[in-house]
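Novice: Below are the structure tokens for one structure; questions will follow.
The values are calculated or read from the model by the stated rules, or taken from the named source; none is laboratory data. As the structure is a computational prediction, the values presented were derived from the model and not from experiment. Methodologically, a virtual Cβ is constructed for each residue, glycine included, from the backbone with ideal geometry; neighbour enumeration extends over all protein chains shown.
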Amino acid sequence: MRRGYVVTLPLGAGEILYGLGLQLMSLMQRGTKKTLRVNADPRHDAGDSHAPVPFYVSTQGYGVLVDTARYITFYMGGRTRRGESAGKLSVETTSTPAAQNLPQAYFRRRFGESSEVIIDVPHASGLDIYVFAGPSMREAVQRYNLFSGGGCLPSLAGLGMLYHTDSSFNQDQVLAIAADIRASGIPCDSIGLEPGWQSHGYSCSFTWSDKFPDPEQMAAKLSVNGMELNAWEHSFTHPSSPIHKVLEPYSAEFEVWNGLVPDFALAEARKIYNDFHAKEHAARGIRGYKLDECDNSDYTGGWSFPECSEFPSGMDGEQAHCLYGVLYQSTIEDMFVQQNIRTYSLARSSGALAAPYPFVLYSDLYDHRVFIRGVVNAGFSGLLWTPEVRDAASEEDLLRRIQSMIFSPFVLVNAWYIKHPPWKQVRTEENNAGRFAAGWRETARKCRELFELRMRFIPYIYSAFFRYRETGLPPFRGLVMDWPEDPQCWSIDDQWMMGDSILVAPVVAGQNKRKVYLPSGVWYDFWTGEKRTGHQWVAVDVPLERVPVFVKDGTLLPLAQATLHTGDPQARDIEVSVYGDGSQGAMLIEDDGKTCNVFKGEYNRVTLRYDPVRRIGLVNRSGTSKVQGYNIRDWREIGSR
Ligand code: GAL
């Protein structure tokens, strides 16, 4: 009897492979076996992921998408068929000068031999395979993202800090913590509500609990302070929910936590869900969600629906698991778009072709090193990832985590189980007892400076997202995507590019020095302006206040004034740092930052150039938007030319 589908694709000697979605445990996929299954607790490097994506790219400059909603196993080269070993040259014995520079894994996994990718889909009666041409890996990824519909454009406020509050809080406590954050001077754009905001949380009623007697008033008060609302939920619908009865015919065979599982592949389910969300949430000020538990559970009690279950749309549970994260995102996104609201939300699961959805992945895994790799890996497959911050093992750990996060797609302080901000006390028990750390004011000051730095970079990050939308170029990506021909970049999973000009090399607690790889070209230390020659590893001192950040030669870096929130008009005051001759120029996008009008063309493109001889900056604005534009106040030459 036939066992599903098997596809083999050739793999050249020396090709390195990346992708397969949010593979948190490894970067280079060549030589591995990965069974892509959606999972909430992906602790092993076997393919389980919050967001597995059957798409991989090669340093040879192409990408492959296997368009299936089935569990699928990739053997990414390194298998030998009977008779193949005889007479094969072993790469281990090759000692060419170039080979000296190659990462060890290159030899261990026999990357130097031609091989094949074997794609095994045990339950399928057919498959579509798309091959995306390059010529470079970066372009193959761009084509994949454009094929998906182009990258998402977050709301401007979404790029600021989101602080998720303690799950037990009531309306007054939420407002009090928002006021406390404002008083501390720490920039914050959104306040998040955890399960306790609903009359029933696991599963969800989607209805405000008595603890929130006047959500409109709460939203209005937050809004006066320039803060939006984000709400936690999952889709499992509790019997007490007003939509439970009407949803029933459009939900799956099994419940989860005594709640219905809506079948988001059905227009009826989406409409019921969305009408209610629009009325109860969006109309009351909610601008984003944290969509929880849309992944699956194998190692955490098995709480989700079975693979063998049926959905009224015709999907079975396996297919539904593969698609659930993306279907849920698209349902919520539709709701916002119908209200002409642009969101930037969170989701715990995603999948293939997800680039257009303005959702960022998060996880309960809390390993900083793993979180750093997540930023790099997400970029190969049209995904975004946040290395969120909750509590921490120490002040040092907290600051190091925040440093990674401010240079990532999403700044989430997920204080869902601590009553006070982590900068007052990192230890959970003490925090909840209101016992603050002795030097907490100093810690808060350091954290504030980091969040302020994020605010300064937002116009730059926003432009990088705009390019993501237009060209598919991931705003956050591993170095190998820009320098695939440089073997040093192949295995670097703890540095990334933010936009085209900024190289970030995060630090974890315990490190006081780190090696940073600077690819070919000239780079400037963001903190000191010191010029460094690339194509080499440099040892960098990493005092607690600093995370290594390097700027590419020729960059014009527009930095905003640090404000308390993105809506402050002063957030549009820009100072441009000129690195070297500034010949790379820069682009800024002006629009309202919060509606979908930008997609109808309501925006301005502001082009920045620099004349290094006359030492003047040139600003050119084109477009139809009437919003208050950027005010380019100053141009500052950095380092020697
Ligand atoms: C988890 C989620 C956390 C938090 C918690 C609340 O599943 O990952 O971020 O929201 O639920 O119960």
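Novice: If you scan segment 134-164, which residues turn out to be more than 15 Å from the chain's Cα centre (by Cα), assigned to a helix (DSSP H, G or I) and under 20 Å from residue 232 (Cβ atoms)?
Specialist: Across segment 134-164, the qualifying residue is only 157.
Novice: Looking only at segment 260-297, count how many residues are away from the ligand (no atom under 14 Å from the Cβ), farther than 23 Å from residue 69 by Cβ, out of contact with any helix residue (DSSP H, G or I) (no Cβ under 8 Å at 6 or more places or on another chain) and not hydrophobic (A, V, I, L, M, F, W, C).
Specialist: 4
Novice: Pull out all pairs, ordered by first then second residue, where Cβ-Cβ is under 9 Å, the residues are six or more apart or on different chains, the first lies in segment 231-250 and is part of a helix (DSSP H, G or I), and the second is within 16 Å of the ligand (Cβ to nearest atom) and not basic (Lys, Arg).
Specialist: If the second residue must be within 16 Å of the ligand (Cβ to nearest atom) and not basic (Lys, Arg), the pairs left are 244/205; 244/238; 244/259.
Novice: Restricting segment 517-576 to residues that are free of Cβ contacts under 8 Å to residues at least 40 places away in the same chain and of a type in the set (Val, Ile, Thr), which is farthest from residue 190 (Cα to Cα)?
Specialist: 533
Novice: Scan segment 317-372 residue by residue and report those that are in contact (Cβ under 8 Å) with a residue 60 or more places away in the chain, within 15 Å of the ligand (Cβ to nearest atom) and assigned to a loop (DSSP other than H, G, I, E, B).
Specialist: Selection gives 348, 349, 350, 362, 363, 364, 365.
Novice: From the list 353, 384, 323, which residue is surrounded by 18 or more Cβ atoms within 10 Å (Cβ to Cβ), under 11 Å from the mean Cα position of the chain (by Cα) and either among the aliphatic types (A, V, I, L, M) or at pLDDT 95 or above (or both)?
Specialist: Unique residue meeting the criteria: 384.
Novice: Return only the number of the condition from (1) among the acidic types (Asp, Glu); (2) over 27 Å from residue 494 (Cβ atoms); (3) surrounded by 17 or more Cβ atoms within 10 Å (Cβ to Cβ) that residue 67 does not satisfy.
Specialist: (3)
Novice: Within segment 276-289, can one find any residue that is aromatic (Phe, Trp, Tyr), surrounded by fewer than 23 Cβ atoms within 10 Å (Cβ to Cβ) and at pLDDT 95 or above?
Specialist: The answer is yes; a qualifying residue exists.
Novice: Separate question: Consider residue 422 against the criteria (1) away from the ligand (no atom under 16 Å from the Cβ); (2) buried (at least 24 other Cβ atoms within 10 Å of the Cβ); (3) assigned to a loop (DSSP other than H, G, I, E, B): it satisfies all of them except one. Which criterion is unmet?
Specialist: Of (1) away from the ligand (no atom under 16 Å from the Cβ); (2) buried (at least 24 other Cβ atoms within 10 Å of the Cβ); (3) assigned to a loop (DSSP other than H, G, I, E, B), only one is false for residue 422: (1).
Novice: Can you pull out the residues in segment 198-229 that are within 16 Å of the ligand (Cβ to nearest atom) and either more than 28 Å from residue 154 (Cα to Cα) or buried (at least 20 other Cβ atoms within 10 Å of the Cβ) (or both)?
Specialist: Selection gives 198, 199, 200, 202, 203, 204, 205, 206, 209, 211, 229.
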